[in-house]
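Asks: Structure incoming, see below.
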Amino acid sequence: AGGGGRRGGLREEPAKVRSVALSRASAGAVAVSAAEDGSVAVLSTPTGETLHALHGHSAAVYSAEFSLDGNYIVTASADHSVRVWSRRDGRQVFALLDLPKVPLSAELSADGKQLVVLLAEGEARLYHISDHDFIQAGCAKLRPLTTVAGCQ
């Protein structure tokens, strides 16, 4: 008469997992796993298969969270950065680099325009993400493929 049993590992790697999260979006049967070696993976929860590896962190990732709509993943790392990733293709769309203290966790607002970050020593900071930031990130992704009006 027990609850759920262990069905198998979502992440069978030597790196120590520091954070896991499930997407709460209705379309998401995905999880994100972040590890001590800086690796982050987006995983299919039915199969455990890695859908995307998110590359960019150079130190332990302390937290990985989905946005409310499930379209983005926010990671906070000991490398003094917070990064926002596209869940669909695993590309980085925004980053806060060289933060003054190590970020322990971060979360994106429902409208995607604010990022709240908990820094070491109990300090919380609110960062604003402008539409320009996301447009520039989109331009950076499109630039290798095509020329788009408005992208420099």
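The values are calculated or read from the model by the stated rules, or taken from the named source; none is laboratory data. In this text the structure is predicted, and so the values were computed from the model without any measurement. No Cβ is skipped: glycine too gets one built from the backbone with ideal geometry, and neighbour counts run over all protein chains shown. Keep in mind that these areas ignore ligands, DNA and RNA; they rest on the heavy atoms of the full protein, side chains included. Shrake-Rupley method; radii C 1.70, N 1.55, O 1.52, S 1.80 Å.
Asks: Within the set of pairs 6 or more residues apart or between chains, which connect a residue that is of a type outside the set (D, E, K, R) inside segment 119-132 to a residue that is at pLDDT below 90 with Cβ atoms less than 9 Å apart?
Replies: Pairs that qualify, where the first residue is of a type outside the set (D, E, K, R) and the partner is at pLDDT below 90, are H128/K113; I129/G112; I129/K113; S130/K113.
Asks: Okay, moving on. Can you pull out every residue in segment 57-90 that is farther than 19 Å from A25 by Cα and modelled with pLDDT under 95? First the steps, then the outcome.
Replies: Start the filter on segment 57-90 by keeping residues that are farther than 19 Å from A25 by Cα, which leaves 57-62, 76-83.
Once the filter is applied, which keeps residues that are farther than 19 Å from A25 by Cα and modelled with pLDDT under 95, segment 57-90 yields nothing.
Asks: Here's something else I'd like to know. How many residues, within segment 51-77, are assigned to a loop (DSSP other than H, G, I, E, B), open to solvent by less than 50 Å² (accessible area, probe 1.4 Å) and touching a residue at least 40 places away in the same chain (Cβ under 8 Å)?
Replies: 4
Asks: Among (1) closer than 15 Å to A21 by Cβ; (2) part of a loop (DSSP other than H, G, I, E, B), where does D98 come up short?
Replies: Status for D98: all satisfied but (1).
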